[in-house]
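Derivation of every value follows stated rules applied to the coordinates shown; laboratory data play no part. Quick caveat, the model's predicted, so the values are computed rather than measured. Glycine also receives a Cβ, built like all others from the backbone with ideal geometry; neighbour counts cover every protein chain displayed.
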Amino acid sequence: MSIYRIDGTLFKKLLINGAVNLTNNADRIDELNVFPVPDGDTGTNMKLTINSGARELEKINSSSLQEVTKKLSRGLLMGARGNSGVILSQLFRGFAMGVEGHDEVDAIILSKAFKKGVETAYKAVMKPVEGTILTVSRESADEVSRVATPDMSIEELMERLVEEAKRSLKRTPDLLPVLKEVGVVDSGGAGLLSIYEGFLKALNGEMLELNKADDKEKEKTTAQAQINIENLEFGYCTEFIVKLDDEKLKANPFTEQRLRNQLEKLGDSIVVVNDEDLVKVHVHTETPGEAMNFAQKFGEFMTIKVENMREQHSHIVNDEHAVAPAKKEKKEYGLISVCSGVGLANIFKEMGCDYVIAGGQTMNPSTEDFLKAIEEVNAKNIIIFPNNSNIVMAANQAAEVTEDSRVMVVPSKTIPQGYSALLLFNPTSSIDENVEVMKEQLADVKSGQVTYAVRDTSFNGIAIKKDDYMGILEKDIVTSEHDRLTVTKNLLDKMIDEDSEIVTIFYGDDINEDEIDIVTEYIESKYEDAEVELLEGNQPVYSYIIAVE
């Protein structure tokens, strides 16, 4: 029997099915990344974003479409990661606006809601690019707006939406030359199509399940995981910070690996970060007490938080150890940056950053991650350095929804840009003056990266072989060879000219001293006027990140 009206209960079913379908296809979508670098993350970002929204829907039992979509919009906003995730959140934000005032809608209003989503998403993007998720959303929405009638079934409308989304996706290489050159369709558009296909499958009675091969270690927040939350193997999300104590360390020497090994016996989703005398721990476990008892051998607790993921609420344990943060007066300035790698994090902290969010190309922070950082910094004026083009939108989104502080984003798209801009921070100037000067500085920095290829392809006439190294200048692959040193030298030659004064090299966790000495000697012998600065970044994926000013 056909369906002619859709309410909140049915939409919730569709959304969860769409989230599962996207999750099952996330790896394939990641592989559509134009650059053959080991960090294609569009599918991952969209998966994390949509599942953030799906989790919010699990908290609402309303059958009202406007209430359900409003809840979804909030969840997507908080969980939005990367440009594709932010655009996805805006599509459904506009969709929610389109059904406002309606507990259920017919095909006509539903088609208008899709159109409203497209309008909202386009407004959120400063320079919309066609041949992307924006195009797929717009052309599919235009199609259903054209064909919708009051007596059209919801199934038929969604069939037309999916059909046009498929056709639009196939056309994306004709609109974006780089897609045609590499031989792929747009990854963001493919992600959106997966969601729409999940919608249609649910309307036809096909409820999907997560692929068993889905990596539980990487992602435990999918829609299906939330639906079956009672079946979680490790139900307590445990976080704490330990301040290392010299006396305790005499009897129990501390290493990150020792703590990590013990935590692996107790649970999963483990993160251990050591910053001087502080150790931050995150673990999912059934026995939070055992994890904390072992960690306490090395020092004293600063904070403790245990969240019962099955009960969907948080509470503080071990009150005698937990330090309740007192209400502090806001300081004048706060600085937040994003980077991946212990060395890079330390560099940005030493330069005055109050909070460094762990993330980057392979792990884009969400809007909620930025909001947590903003709250933690507790300043009247806050400047954010995203340091990645795929993170700027999430940072801007967090700035827009923050009410208690003045938050501005310096749209640094690379680590070199963020590093160079941060050097210009002046605590005696206004936030507007600081951001203006910093934005001007971004254009004066050349950014280069050396990494390896994950597949055979060609780019700008350069033949690239899997596992070969590539030199990336700004957004272009400019050299590719089997030998990493050759690639690094080629990249440096394209970056350094007679006007170059400073070459800053952040070397990754795969670089040894002998190799960095060779690179340094190459620069000093060939470019005598350029000063070389070496910084241990410890970043993954990218062997070298290079700044030339």
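In terms of modelled amide H atoms, which long-range or inter-chain residues lie less than 5 Å from the amide H of VAL407?
ILE382
For a test of the definition: using alpha carbon positions, the gyration tensor, and the 1.5 limit on a/c, classify the range 457-549 as rounded, prolate or oblate.
Oblate, since a/c reaches 1.5 and b/c is not below a/b.
By count of other Cβ within 10 Å, fewest leading, how are GLU498, GLU436 ordered?
Lowest count first: GLU498, GLU436.
Are there any GluC sites (Glu not before Pro) in the range 92-141 that are in a DSSP loop and have at most 15 other Cβ atoms within 10 Å? List them by number.
GLU100, GLU130
Quick one: if the Förster radius is 41 Å, what FRET efficiency do ARG5 and ARG455 give, using the C-beta to C-beta distance and rounding to 0.05?
0.35
Just check the range 6-226 against the gyration tensor rule for me: Cα atoms, a ≥ b ≥ c as the square roots of the eigenvalues, rounded for a/c under 1.5, and otherwise prolate or oblate depending on whether a/b exceeds b/c.
oblate
Taking the Cβ of ILE6 as the center, what net charge do the other residues with Cβ under 12 Å away carry, scoring Lys and Arg +1 and Asp and Glu -1?
In short, -2.
Can you tell me the FRET efficiency between LEU278 and SER405 if r is taken as the Cβ-Cβ distance and R0 is 30 Å, rounded to the nearest 0.05?
Taking R0 as 30 Å, the efficiency between LEU278 and SER405 is 0.80.
Based on other C-beta atoms within 10 Å, arrange GLU290, GLU440 from fewest to most.
By the 10 Å Cβ count, ascending, the order reads GLU440, GLU290.
So, counting K/R as plus one and D/E as minus one, what does the shell of residues with Cβ under 14 Å around HIS482 add up to?
-1
What list of whole percents do you get for P(r) of the range 336-462, with Cα-Cα distances grouped in 5 Å bins up to the one holding the largest distance?
P(r) over the range 336-462, rounded to whole percents: 2, 11, 21, 23, 20, 10, 5, 4, 2, 1, 0.
Using the 10 angstrom Cβ neighbour count as an exposure proxy, how do MET1, MET393, MET408 rank, fewest first?
Ordered by Cβ neighbours within 10 Å, fewest first: MET1, MET408, MET393.
Run lengths n ≥ 4 of DSSP H only: what is the helix-derived mean residue ellipticity at 222 nm for the chain, with -39500 (n - 2.57) per run over all residues, to the nearest 500?
That comes out to -14500 deg cm²/dmol.
On a full-extension model of 0.36 nm per residue, what is the gain between GLU206 and THR520, subtracting their alpha-carbon distance, rounded to one decimal in nm?
Gain on stretching GLU206 to THR520: 107.1 nm.
Hey, for a label at ASP103 modelled as a point 7 Å past Cα toward Cβ, could you say which residues of the range 41-68 have their backbone N under 18 Å away?
60-68
At q = 0.11, 0.14, 0.19 Å⁻¹, work out log10 I(q)/I(0) for the range 92-175 with the Debye formula, treating every Cα as an identical point scatterer and leaving solvent out; two decimals please.
One equal scatterer on each Cα of the range 92-175 leads to -0.29, -0.46, -0.81.
What is the chain's relative contact order, in percent, from Cα pairs under 8 angstrom and six or more apart in sequence?
Averaging sequence separation for qualifying contacts and normalising by length gives 12 percent for the chain.
Which whole-angstrom value gives the distance between the alpha carbon centres of the range 89-113 and the range 350-412?
Cα centres, the range 89-113 to the range 350-412: 30 Å.
What does the convex hull of the alpha-carbon atoms of the chain project to on average, in nm²?
So the Cα hull casts an average projection of 27.1 nm².
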